[in-house]
Amino acid sequence: MAKLKRYVIYSAENVRSTSEDNHMARYSGSSLTALESPAEKVPSARVDDSHAVIVGQIVEHHVPPHAIDGLDRLYGSLYACWRFLRLCDPVLPHTWIAYQRGEIVGVLLFRINAGRVRVLTEMFMLDEAIATAFARDVFSRYRDAGEIDFNAIGLNSPFTRVACQHFAFSENYLLTLPASVESYQRALGKSTRKTLRGYGNRLLRDHPGFEWRCSLADTLPRHVQRAVVQQLQEFKRASMAARGKQAQIDAHETAQLLQMAADCGMFGLGTVDGKLCAGSLALKIGDSYVMMLCAADPAFSSHRLGLLACYWSLCDCITQGARQCHLLWGRYRYKEQLLAVPISLHRLRMYRSRWHMLFRPMGIACMTAQGLSQRCRAWLRSEVPNHQSRVVRDFLGVIKRLGSTHEATLLQK
């Protein structure tokens with residue numbers, strides 16, 4: 001791999017100095033240009049249009065180009081991106097497009113099976129007005145449809161105008177990115193700045209040949225991208241094994257990830273004398289990035305290289321002009337240290353009416369049971385100090401299996 005210009009994070013003066021006014025190592029950024037965004041722009045609704053009527057359009061077995069662009073620009077989520085969803089299932093879904101005074105304010109992809117509508121668009125904030133308009137159009141057009149299922153969506157507020165059930169089961173850590181790296185550094189807590197400076201300086205003292213660089217996918221050959229992803233997955237597997245956990249790495253999902261990486265990936269590469277020791281892969285969706293991989297060689301654990309790599313990757317996202325970065329699920333302290341905020345992800349079921357709910361007691365019972373099992377797991381994590389003990393881990397596993405059984409039953413009802 002060609003050796004590029006050193007990515008100067010710390011100057012020699014930074015390494016020698018221990019004064020408090022030198023509280024943050026300097027970040028040089030990257031001179032690489034940003035990824036190209038789609039040429040056709042889809043406007044957002046104006047602030048004063050919040051009470052305008054939402055008009056919906058259903059396009060069956062097709063995803064129009066302006067809807068594809070709208071998905072990326074409105075949500076910035078990999079799991080709402082048509083380029084990714086079609087890798088998971090190439091069968092064309094139906095598309096619902098919401099307009100407010102002629103401007104696109106919502107796009108949802110969905111399928112219908114046996115009277116149940118399953119929304120494919122995930123990992124975004126769902127407004128009740130959009131959900132209500134979608135339910136109105138779908139139930140009006142498809143008379144045999146009795147319920148609508150959303151998975152992994154954030155709720156701006158509790159739904160009060162529709163008959164529904166929902167429960168939180170996971171979270172997505174979301175970081176709203178400032179306009180500059182300097183602003184981000186100032187926003188970090190004092191202890192976090194001290195940690196980044198201290199471990200970064202130690203890393204350069206112990207490994208003077210360390211370099212970090214940002215490379216967009218079109219600057220790296222496909223075989224190099226594949227090698228980097230595989231090496232980062234090995235780092236992740238080894239790091240989790242050291243903590244008594246097992247990393248689940250699926251070959252098919254890796255193939256999908258590599259296809260997306262070639263299309264819209266940004267790689268962060270940390271090397272010592274040319275050998276990869278840390279790195280990241282973030283995917284650009286609209287004006288957001290989704291952090292799919294960030295890992296470091298466990299041999300550098302005493303340098304907190306994983307934390308440093310994530311911080312530098314976020315700085316790369318800022319340099320590329322991104323609006324936000326999704327750090328996805330997984331409750332790790334470093335995410336909050338780096339100012340990411342957990343957004344609860346919900347499973348939501350909407351019914352045609354409260355009257356129709358009465359005729360689906362099994363479905364309601366399964367949703368209720370799932371919600372209770374998730375709340376129990378959340379309580380154990382927050383209230384039991386040593387929830388990593390074997391007894392508690394086994395108990396959490398039993399609850400998880402019960403929840404999975406209820407979920408399987410729910411999908412059959």
Checklist entry - Within the range 312-319, is there a residue that is closer than 19 Å to Glu234 by Cβ and surrounded by 23 or more Cβ atoms within 10 Å (Cβ to Cβ)? => result yes
Item to check | Pro298, sole failed condition from (1) over 18 Å from the mean Cα position of the chain (by Cα); (2) free of Cβ contacts under 8 Å to residues at least 12 places away in the same chain | outcome: (2)
Item to check | Where a residue in the range 147-176 is more than 21 Å from Cys81 (Cβ to Cβ) and not assigned by TED's automatic domain parsing to the domain that holds Met292 and its partner, wherever it lies, is of a type in the set (S, T, N, Q) and assigned to a loop (DSSP other than H, G, I, E, B), with Cβ under 6 Å and at least six apart | outcome: Ala163/Ser353
Item to check | Residue satisfying all of: in the range 36-90; assigned to a loop (DSSP other than H, G, I, E, B) and either aromatic (Phe, Trp, Tyr) or at pLDDT 95 or above (or both); nearest to Arg323 (Cα to Cα) among these | outcome: Gly76
Checklist outcome for this item: Only unsatisfied item for Gln165, checking (1) polar (S, T, N, Q); (2) farther than 23 Å from Trp329 by Cβ; (3) in contact with a helix residue (DSSP H, G or I) (Cβ under 6 Å, 6 or more places away or on another chain), is (2)
Next on the checklist: For the range 76-99, give me each residue that is touching a helix residue (DSSP H, G or I) at 6+ places or on another chain (Cβ under 7 Å) and without any contact (Cβ under 8 Å) to a residue 40 or more places away in the chain.
Outcome noted: Trp82, Thr95
Next on the checklist: Go through the range 256-287 and report how many residues are out of contact with any helix residue (DSSP H, G or I) (no Cβ under 8 Å at 6 or more places or on another chain) and either buried (at least 24 other Cβ atoms within 10 Å of the Cβ) or touching a residue at least 24 places away in the same chain (Cβ under 8 Å) (or both).
Outcome noted: 4
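The values are calculated or read from the model by the stated rules, or taken from the named source; none is laboratory data. This is a predicted model, so every value here is computed, not measured. All Cβ positions, even for glycine, are placed from backbone atoms using ideal geometry, and neighbour counts span all protein chains on display.
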